[in-house]
Amino acid sequence: MSKARIDHAKAASAFIEKTDHVALHDKRLWDLRLKRDAQAHGIAEWETLRDLASSIKEHTLSHLADYVEQFVDVAEENGVVVHFAATAEEHNAIVHQLLSERGMTTLIKSKSMLTDECAMRDYLEPRGITVMETDLGERIQQLDNQDPSHMVVPAVHKLRADVADLFGRTIGTDPANHDIHYLAESQRMHTRPYFVREKTAGMTGCNFAVAETGTVVVCTNEGNADLSANVPPLHIASIGIEKLIPRISDLGVFVRMLSRSALGSPITQYTSHFRAPRPGTEMHFILVDHGRSERLAMEEFWYSLKCIRCGACMNTCPVYRRSGGLSYGGTYSGPIGAIINPTFDLRRYSALPFASTLNGSCTSVCPVQINIHEQIYKWREVITARHQVPFVKKEVLKVAGRLLANPTLYRKALASLGGALRRLPNFVLYNPLNIWGRQRDLPDTPKETFHQWYLKNRKRPQ
Amino acid sequence: MRIALFVPCFIDAFYPEVGIATLELLERLGIEVDYPQEQTCCGQPMANSGAHKEAAGAEAVFARNFADFDYVVGPSASCINHVRDHLTAIEQTSSVRKVRTSAYDLTEFLHDVLEVREFPWAEFPHRVGLHNSCSAIRHLREASASEIAEPQFSKPRALLEKVKGIEFVTPARPDECCGFGGTFSVTEEAVSVRMGQDKVRDHIGAGAEYIVSGDMSCLMHQQGCAERLKLDARFIHIAQILNGACG
Amino acid sequence: MVPEEPEAAAVTAREAFVARIRAAEPSPRPLPEVPLFDAPDDDRLRRFSAALGLMGGTCVEAPGLDGVRRWLAERFGPQAVTASAVQGIDGNRPLDALTPPASLQDVEVGVVRARFGVAETGSVWFSEDEYVVNAIGYLVQHLVVLLDPAQIVDGLQDVYRRPDFRTADYAVLVTGPSATADIEGVMIRGAQGVRSLTVLWMA
């Protein structure tokens, strides 16, 4: 059942009114984009690496069943237990079962967009499992009961004052102390006891799943994945099936590109490779579908499965930087959100492909060459064909279309507006000038159109 | 060579001087230019809204008007991009295919086909911020994109460089989108305006007296933002400078 | 007498899962050859140190195990609670394969030896062999890493062609101390993991 349609424009407008927030948000993410540029320009083979990364992913996705099977066989040989979750519900139920079977009541975890997608916390918490997000940004969002607003920096939309206020209300810090070192240290100290607690399981996501060796690769800056995996006696890794890559050597392409694209640093502080459990402990992998195989079958849209979750598209997107991730209303936001979310719920996310100027910068920075802006364009066609366009009145486009298809009628219409041509042609707006004119002046009215000038000054016998 | 002039609908209606400058410029360069009088619009406003079917009528008119020319030249990278990449609401006959591959933005035509670099009649003694539209940069590849690891180049700049007296100033974000985006300018008004304001302020902050572009749609939006904020900037199309406008 | 056909086996969760994927696959694309790209010419040691510096780590010369002991005493004081995975450097906390990971939570200094370093990124590589107890890399407050300067690999493309990943149960590339910039982009060293990471050059 569809939930209410996300009104991106309205949410974006509200964000823009928070002038300090939008200024910092835009500056911070543009800075990441510039750092990414510096890395890209510093590596002679950068664009070749993008070609390779894209080709490896497309190859893998077009043989995904075989690679999944290889991954599972090898992982099981390594002593890992592998589970299969067709849906988000199945994923959550498996996690719950693993914990409750072992009498575990706490789950500490590093960042996983997949678990956000599955709304895992909402499933586990009412069932008596304490879930501790250990990534600072995810923890902030967890405490504030909000989705992450960015894939890599989940709380980038917040100012230090917001975090101080939030921590004051939730983990007992001094709300008047806005010092960021103090806030980060407070989260470190508050979270740390959970890593060493009894009856605790650890969970990580997965950046890359290597079929050849059954290895799960996790990239973090905080070390929280390594803590979550290496202290408790149970390590669960949630893995979206699109994370498969064929060989360890392919990491030589992907690991080189991930952090450079995301943050403009050559590598994350921790690049961890989990292949087999520590003696006396357990390692479980949960492979998750949740709409991915459906998306794989979409001829125009399966390329979005190449995504390696770097967030570079968000950092470069001028719309995202000025609207904030929460305005997209889903786990994924920005350009990648615009092309993924409609597959989960077309109506709910029908505004997202229109939250774009089609400028194409996202496509240029994507390390795996997802043709994001082209897919945005195609989604618009799908949404229009399924009568889900959230605003532009179809009748207006029909009228405009008919008028522009009939030169004589069109010229008559323009002429009839005569000297009072103070309107932009109707096909540009769906509401009269009111919207254009809120914060912009209208162009002046020329005394004649080019067409009229031409007929007067240049007309040649037909 | 048979060359046709395509005047985008909003230039015809609001900025006829840009159409006139384009025509006069081509004539100065010795080109005999046809202007098919039944032309209306390339269909982009409907197509970009996802209304494929509604674009078909305009696209058919376009294809009919511009059939059998060697070059179809228009002073708008965004419209030309639509014609080359997206004129697909109509049957792709061999005539339609030819129209599509014959479509050139004015900058491309001058730079790549005529290979002209000097405009001896042109003089523009002003500090100029060059705005290359996203269509020009990322879709038509008229200039390098700063996010791509590639050698820097700019066809519009190469054309303007030798204009007497011209001085270029560079904004902090030279190729960030200005926020027009067609119907986006209305459906996402707040973001669009914010982007336009940021763009204009960036150019003014770099010292620009004029903002010049090969895309009048971007300039219409930026000018609208600048005038409402009473910012001191003027806007001009590249065709006008190359045709000898003094500013 | 004709034997009855056996009942078809129920489809397992794995089979159903994989079948759904197989049915959805787009037409096959080839796997590309990944070439080895040219590496910069200069001194690997210098590149390593510069890269590690950018990530908040430091490099120090430490002539021999004596040098290491002296440096540790000077840097952290002789009473610092220390766990060592390195032969010849004694911590005042035992560390062996049976040490419970959680018991390291009050250790101030962890001493480990990396198998190799990476010039491109300033990373050092560990597996469970080097760590003895994996948690030592993360639960201690400060990590001290012995590294043989002759064991610097050029780049990540070379790292991932090594066989080490096939045999290690757990392998990690560590690059500087733990960090986060989640609040307003302000860099914090010492997020969830170690607060400092120092590489001691020791063959």
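Just so it is clear, none of the values below were taken in a lab; they were calculated from the coordinates. Owing to the predicted nature of the structure, the values given are computational and were not obtained by experimental measurement. Every residue, glycine as well, gets a Cβ built from its backbone with ideal geometry; the counts of neighbours run over all protein chains shown.
Checking the Cα-Cα distances for A:K412/A:K459; A:K306/B:K199; A:K27/B:K155 against a 21 Å cut-off, the pairs over it are A:K306/B:K199; A:K27/B:K155. Label-to-label distance, A:L409 versus C:T12, with points set 7 angstrom from Cα along the beta-carbon direction: 6.5 nm. Stretched out straight at 0.36 nm per residue, the stretch from A:H181 to A:D20 would grow longer than its current Cα-Cα span by 55.9 nm.
Once both labels are positioned 7 Å from their Cα atoms along Cα-to-Cβ, the gap between A:Q452 and A:D73 label points is 7.7 nm.
Comparing B:I166, B:P156, B:T187 along the charge dipole axis of the range B:147-197, the residue lying farthest to the positive side is B:I166, per the Cβ-charge model. Relative to the longest principal axis of the Cα atoms of chain C, the long axis of helix C:44-54 makes an angle of roughly 90 degrees. Compute the Cα gyration tensor for the protein assembly as shown, then decide on rounded, prolate or oblate, letting a ≥ b ≥ c be the square roots of its eigenvalues: rounded whenever a/c is under 1.5, prolate when a/b is larger than b/c in the other cases, and oblate in all that remain. In terms of gyration-tensor shape, prolate.
In this label model, B:D68 and A:D174 are separated by 8.5 nm, measuring between points 7 Å along each Cα→Cβ vector.
For the range A:273-342, the list of trypsin sites (Lys or Arg not before Pro) that fall in a loop by DSSP and count at most 12 other C-beta atoms within 10 angstrom is empty. Using the rule -39500 (n - 2.57) for each DSSP H run of four or more residues, divided by the residues of chain A, the 222 nm mean residue ellipticity is -14000 deg cm²/dmol. If a spin label sat at a point 7 angstrom from the Cα of A:E300 along the line to its beta carbon, the backbone N atoms of the range A:325-356 nearer than 18 Å would be those of A:335-356. Principal-axis analysis of the Cα atoms of chain C puts helix C:64-76 at an angle of about 80° to the longest axis. In units of the compact-protein estimate 2.2 N^0.38 Å, the range A:334-386 shows a Cα radius of gyration of 1.05.
Mean per-residue shielding of peptide A:367-380 is 1, counting Cβ atoms of other chains within 10 Å of each Cβ. Computed from the C-beta positions of A:I435 and A:R192 and an R0 of 56 Å, the FRET efficiency is 0.60 to the nearest 0.05. Among A:408-416, A:364-372, A:448-456, sorting by the average number of other beta carbon atoms lying within 10 angstrom of each residue, highest first, gives A:364-372, A:448-456, A:408-416. Seen through its C-alpha gyration tensor, with square-root eigenvalues sorted a ≥ b ≥ c, the range C:38-201 comes out rounded because a/c lies under 1.5. Under the combined filter of DSSP loop state and at most 11 neighbouring Cβ atoms within 10 Å, the range B:136-235 retains these trypsin sites (Lys or Arg not before Pro): B:K230. Charges were assigned to the Cβ only: +1 to each Lys and Arg, -1 to each Asp and Glu. The resulting dipole of chain B about its Cα centre is roughly 280 debye. Ranking of C:Y131, C:Y138 by neighbouring Cβ atoms within 10 Å, starting from the fewest: C:Y131, C:Y138. Helix C:13-24 and the longest principal axis of the Cα set of chain C meet at an angle near 80°. Charges were assigned to the Cβ only: +1 to each Lys and Arg, -1 to each Asp and Glu. The resulting dipole of chain A about its Cα centre is roughly 2820 debye. Computed about the Cα centre, the dipole magnitude for the protein assembly as shown is approximately 2720 debye when only Lys and Arg (+1) and Asp and Glu (-1) carry charge, each at its Cβ. If R0 is 51 Å, the Cβ-Cβ spacing of C:D148 and B:R97 corresponds to a FRET efficiency of close to 0.20.
For the range B:1-108, GluC sites (Glu not before Pro) are listed when DSSP marks them as loop and at most 15 other Cβ atoms sit within 10 Å of their Cβ; the list is B:E32, B:E38, B:E91. The GNM of chain B, with springs linking C-alpha atoms under 10 angstrom apart, assigns the highest mean-square fluctuation among B:V186, B:V99, B:V83 to B:V186. For B:V116 and C:D158, a Förster radius of 41 Å and the Cβ-Cβ distance give a FRET efficiency of 0.25, rounded to the nearest 0.05. Legend: mean number of C-beta atoms from other chains within 10 angstrom of residue C-beta atoms, peptide C:151-162, equals 4.
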